[in-house]
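The values are calculated or read from the model by the stated rules, or taken from the named source; none is laboratory data. The structure displayed is predicted, hence computed values, not measured ones. Every residue, glycine among them, receives a Cβ derived from its backbone with ideal geometry; neighbour counts consider all protein chains shown.
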């Protein structure tokens, strides 16, 4: 499976609250970056970001795989039906996800 395919599958898994998918995908030295999270580790990521249920659907608007990185812009739907847009950069080490950078967007 390509890195782009893994990222697409990751959005499906997140919307389905399939934590087991991410348990297998994330590298042991995984780091997560966002405006609210400065390089949190794997354990902290699972504490803060799960259970997933905050988003019911993701619609990918752009996805580019370049080397070991995948850049994605998506629109997500919250359980109340409101929507927002973000861009994320995924970095892989082999077939394991080692880093995610999230850039918050806006409501749509």
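So if I check each of 47, 75, 88, which one is part of a helix (DSSP H, G or I) and without any contact (Cβ under 8 Å) to a residue 60 or more places away in the chain?
Details: 75 fails: part of a helix (DSSP H, G or I); 88 fails: part of a helix (DSSP H, G or I).
Of the residues listed, the single one that is part of a helix (DSSP H, G or I) and without any contact (Cβ under 8 Å) to a residue 60 or more places away in the chain is 47.
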Test: residue 61 is surrounded by fewer than 17 Cβ atoms within 10 Å (Cβ to Cβ), closer than 27 Å to residue 108 by Cα, in contact (Cβ under 8 Å) with a residue 12 or more places away in the chain and under 11 Å from the mean Cα position of the chain (by Cα): no
Among the residues of the stretch 20-32, are any surrounded by fewer than 16 Cβ atoms within 10 Å (Cβ to Cβ), assigned to a loop (DSSP other than H, G, I, E, B) and out of contact with any strand residue (DSSP E or B) (no Cβ under 8 Å at 6 or more places or on another chain)? no
Pull out all pairs, ordered by first then second residue, where Cβ-Cβ is under 7 Å, the residues are six or more apart or on different chains, the first lies in the stretch 3-32 and is modelled with pLDDT under 95, and the second is assigned to a helix (DSSP H, G or I). 13/21; 13/22
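What do you reckon, is residue 102 in a strand (DSSP E or B), surrounded by 14 or more Cβ atoms within 10 Å (Cβ to Cβ) and at pLDDT 95 or above?
Working: in a strand (DSSP E or B): yes; surrounded by 14 or more Cβ atoms within 10 Å (Cβ to Cβ): yes; at pLDDT 95 or above: yes.
It is true that residue 102 is in a strand (DSSP E or B), surrounded by 14 or more Cβ atoms within 10 Å (Cβ to Cβ) and at pLDDT 95 or above.
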